[in-house]
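A short reminder: the numbers here are calculations on the coordinates, not readings from a lab. What you are looking at is a predicted structure, and each value in this text was computed from that prediction instead of being measured. So basically every Cβ, Gly included, is an ideal-geometry build from the backbone, and we count neighbours across all protein chains shown.
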Amino acid sequence: MESRHKTKPLFARPFIALRLSLRGLAAAWRHEVPFRMEVAAAAVLLPAALALGKSGLERALLVGSVLLVLIVELLNSALEAALDRISLEDHPLIGRAKDIGSAAVFVALLNAAAVWVLVALT
């Protein structure tokens, strides 16, 4: 089955994609407490990154590390929602998938911490 959006005119697709992306961000904000916590942290860290970075490269690394956490959290939330749609029963493979998604968020957080520490030390 083909997506109903692929039959839309080419010029309309970016606007459809934007609308769906905003809907996804709103859903994550509404339903995912960790996403709200990370957005709150980003609201503090992004201006700090722009102020603390001594060069464009440092600012990009600081901002990118924070945005990466949000991206991975969004993907993890999408994975969890899809898995919950499949089954709410305890199943080892579903548990493993959710744990791996959570580990991805953890690694993104470690990456952000490492970037901030390394930039601070230079």
Note to self: Please check: in the Gaussian network model of the chain (C-alpha springs, under 10 Å), which one of 11, 35, 106 has the largest mean-square fluctuation.
What the structure shows: 11
Next item on the list: Please state the charge dipole magnitude for the chain, taken about the Cα centre, from unit charges on C-beta atoms (+1 on K and R, -1 on D and E), reported in debye and rounded to the nearest 20.
Entry: 640 debye
Note to self: Can you give me the C-alpha center-to-center distance between the stretch 76-91 and the stretch 20-49, rounded to a whole angstrom?
What the structure shows: 21 Å
Notebook entry, point to check: How far apart, in nm, are two points set 7 Å out from the Cα along the Cα-to-Cβ line at residue 29 and at residue 102?
Noted result: 2.7 nm
Check: Using a ≥ b ≥ c from the Cα gyration tensor of the chain (square roots of the eigenvalues), is it rounded, prolate or oblate, where a/c under 1.5 gives rounded and otherwise the larger of a/b and b/c decides, a/b for prolate?
Finding: oblate
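When 115, 69, 107 are ordered from fewest to most other Cβ atoms inside 10 Å of their Cβ, what list results?
107, 115, 69
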